[in-house]
Amino acid sequence: MVAATAVGAVLAGLLALRQAPSLSVGPLVVVGLLIAALICSQLRPTFIAWGAEGDDITLDEALLVVGFALLPTPGILLASLLATLISQGLQRRPLRKAIFNASAHGAGVAAGALLIHATVGSMAGPLTASRLLALAGAVTLFCVVQGILVWLVIACASGSRFREVLAEMGPPAALSCAITASWGLLMAIAVRHIGWTIVLGLAPFVLLRALHRADRDRGRLRGLLQTATATATATSQSREMVQASVEDAARSLLDTGRAEVRTAPPGSGELGAALPTQSGGGWLVVGDRNDANPFDAEDQELLDGIAAVASIALDNAEMLDHLGHAALHDPLTALPNRLLFTKRAAEAIERCQTEGTRFGVLSLDLDRFKRINDNLGHLAGDELLRQVAARLDLAVDHDDTVCRMGGDELAVIVSGSGSVDSLVLAAQRLLDSLAAPFDLSGSEVFATASVGIARFPVDGATPDLLLRAADRALYAAKAAGRNGFMVHEPDDAAAGDLALERDLHVALDAGQLWVAYQPVVSADGGARSVEALARWDHPDLGPVPPERFLRVAEEVGLIAAIDRWVLDQAVGQLARWRGAGLGHVRMAVNVSARTLSQTGFEDNVALTLARHGCAPHQLELEVTEQTAVQEPLSVIDRLRRLRASGITIAIDDFGTGYSSLSRLHAFPSDRVKVDRSFVATLTAGTLNPIVAATIAMAHHLGLEVIAEGVETDEQLAVLAELGCDASQGWLFAPALPAEDAGAELLRRLPPDLCELPSLTFSG
């Protein structure tokens, strides 16, 4: 392309020279002046913005019009070629590029000269209308020839179509040519008549540069303000988005083809500004700007301003990224936390619903992790969790997610097929990764885990349901011996529990719960106490077994509210019975461990008794043996204070909690209730050793013994033989509504109260 352009320029010049006279000394002075003017024009062009793009306006066209009007063809060709070569050298352009630019310029001048000679022959004489038209045509042809040559090179270098380059660069070039050519015609007319008026021709050029400079400065200030405002308010953007915004602003404000944030300083032909941030230093670098519009000190100041704004914006973005990461990751192990688990599980569900695929959730819990904390300390426990997290993260596939849910509980979202076989293999890989010992500050420790497996959509359609299913399978794995895994098996009971959980939240307010009362019959046949028992009549399911809905209430945290409600109902009924003449009756109310551990429980009991006008000795609180064994000393002290106030304390379900004699001796209690599972084994002539030992031990400690679940006369006879103080069960009466229970209590008045008149009871 360069060679072809040079050959074309030479041929065009030779054709023009054939018809031109030789240069004399006078025109040589004009040639020199024209060369100097063209060099200045090409070295210091005026950049004019055209929308989002722009172009350089030089005085080439205007000077060429003057040259065509004053000089013969050899002079203007000589001036054009020499000026272009000199300006290219001063700008340190590559030799090939300099030759091409000079050749293209020469070809355009020669083409314009040929047009003049073909139309008017010579510009000598007055500037008539025909000569002015010839001048306009010559400069237009110059622009067209030079532009086509340049645009062809650009199209070849960029791989674009010539039509696309022409559409992009043609309109601003045509406007530039029209402006400067018109200006040149005016200058040519003035110079032909009064030579020194060429000085006046420079005034519009100087004014244009001044106006453009002021407008450019205002535009840069507006752009810098917009950049600062945009980056300061972009609090939700990531660092990458802020960086891209800063680079776009630098490209636009500095009119460069390239802007980037990087660690390397600027190189040759580039402009850079230091970019200090909290995460380390860097540079904002711009380059690829038009050689005719080189970087200057004002560009450096503008880039420094952009870099200052960018540093603050990038620091804010990095801080937000850090806060966002901290909100979604566990600080100890750096694993995703429960919040991110829920988010990614929801994304996996949405993806599977769209694609018709499956995935799984594994719930993992370290076996006997408490021993590490108790024996080696919590710092060792934390270190073990970090090492376990690192091993598990390496054991899963790239698309899987290991999360820490809290404590030593972890969960894994397993992508892929979601088949049982693939999930089992994943679970086994997790267990295998923990097989090697862990080094905890010189102590070699072995750790195992239990894993529960749940599948989408078989075991749940939400992250919470999937995790619950995996947890149930995890508990089954622990019950099976630990250091293993279990696959969740859907069952109707679990689904029913979910429905009960939902309905139980409204059962209290809807009046679906009520209290039944079962008398406790003494050995003499009298009833001196009664137990209050919660019952639920479900509007759709009918009566729900208490052992089922109370278990659900315990799991979901509703048991304390139910306990408080039952206490208030039972004490209120006790007050009504006392008003009806049954002041001897003591009311027994069951209290869960969760209720006992709540602050304010003692105050609530005292307020309830006072509100209904009942004495503390008329109330009995029943706690399970498991509560007596496992609860902390603070709960035991609370029961001790309640007992000191006059309230009776009974240990319920005795024999199922495997408590020691020393523990029972220290527990503040008045009565022991033998669990129905032991009473059911009593037959005539056969003494259950546990029942016999319990009665003997309790009597030795000064405690009264009550047998639960007595259903036959044979069981009652054996209990009497063992010296049991009282019994409770279907043999005497089931749990009854308040009105029927009151009638039963009346029927079973103790011997010392049987002379009382008949009474009527209502609930």
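The values are calculated or read from the model by the stated rules, or taken from the named source; none is laboratory data. What you see is a predicted model; the values in this text were computed from it and never measured. Neighbour counts are summed over all protein chains in view; Cβ atoms, including those assigned to glycine, are modelled from backbone coordinates with ideal geometry. Side chains included, ligands, DNA and RNA excluded: accessible areas come from the protein's heavy atoms. Shrake-Rupley method; radii C 1.70, N 1.55, O 1.52, S 1.80 Å.
The table that follows gives values for the structure above.
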{"item": "Residue in the range 655-684 that is modelled with the lowest pLDDT, counting only those that are open to solvent by less than 50 Å² (accessible area, probe 1.4 Å) and of a type in the set (A, V, I, L, M, F, W, C)", "result": "L664"}
{"item": "Tally, over the range 335-356, of residues that are open to solvent by less than 60 Å² (accessible area, probe 1.4 Å) and out of contact with any strand residue (DSSP E or B) (no Cβ under 9 Å at 6 or more places or on another chain)", "result": "1"}
{"item": "Residue among L332, L362, L328, L323 that alone is under 23 Å from the mean Cα position of the chain (by Cα) and within 18 Å of A426 (Cβ to Cβ)", "result": "L362"}
{"item": "Residue match in the range 685-694 (condition: within 16 Å of A717 (Cβ to Cβ), in contact with a Ser or Thr (Cβ under 6 Å, 6 or more places away or on another chain), modelled with pLDDT under 80 and open to solvent by less than 50 Å² (accessible area, probe 1.4 Å))", "result": "yes"}
{"item": "Members of the range 108-120 found to be over 21 Å from W151 (Cβ atoms) and touching a residue at least 40 places away in the same chain (Cβ under 8 Å), listed by number", "result": "A113, L114, I116, H117"}
{"item": "Boolean, L746 is assigned to a helix (DSSP H, G or I), open to solvent by less than 30 Å² (accessible area, probe 1.4 Å) and at pLDDT below 90", "result": "no"}
{"item": "Residues of the range 88-130 classified as part of a loop (DSSP other than H, G, I, E, B), on the phi < 0 side of the Ramachandran plot and within 60 Å of the chain's Cα centre (by Cα), total", "result": "3"}
{"item": "Condition check for V710: crowded, with 16+ Cβ neighbours inside 10 Å, without any contact (Cβ under 8 Å) to a residue 40 or more places away in the chain and not in a loop (DSSP other than H, G, I, E, B)", "result": "no"}
{"item": "Failed item in (1) surrounded by 13 or more Cβ atoms within 10 Å (Cβ to Cβ); (2) more than 19 Å from K343 (Cβ to Cβ); (3) among the basic types (K, R), with R404 passing the rest", "result": "(2)"}
{"item": "Meets criteria (more than 28 Å from A346 (Cα to Cα) and either touching an Asp or Glu at 6+ places or on another chain (Cβ under 7 Å) or open to solvent by 50 Å² or more (accessible area, probe 1.4 Å) (or both)) for G416", "result": "no"}
{"item": "From the options V458, V521, V487, V451, residue that is closer than 30 Å to A733 by Cβ and touching a residue at least 24 places away in the same chain (Cβ under 8 Å)", "result": "V521"}
{"item": "Residue in the range 426-467 that is surrounded by the most Cβ atoms within 10 Å (Cβ to Cβ), counting only those that are among the hydroxyl-bearing types (S, T, Y) and within 29 Å of G377 (Cβ to Cβ)", "result": "S450"}
{"item": "Residues of the range 396-433 that turn out to be under 24 Å from the mean Cα position of the chain (by Cα) and more than 18 Å from R455 (Cα to Cα), as a count", "result": "7"}
{"item": "Qualifying strands (runs of 3 or more DSSP E) (wholly inside the range 355-436; at least 1 residues being at positive phi)", "result": "401-406"}
{"item": "Residue check for A470: modelled with pLDDT of 85 or more, part of a loop (DSSP other than H, G, I, E, B) and under 30 Å from the mean Cα position of the chain (by Cα)", "result": "no"}
{"item": "Residue in the range 635-645 that is at pLDDT below 90 and either more than 56 Å from the chain's Cα centre (by Cα) or in a loop (DSSP other than H, G, I, E, B) (or both) present", "result": "no"}
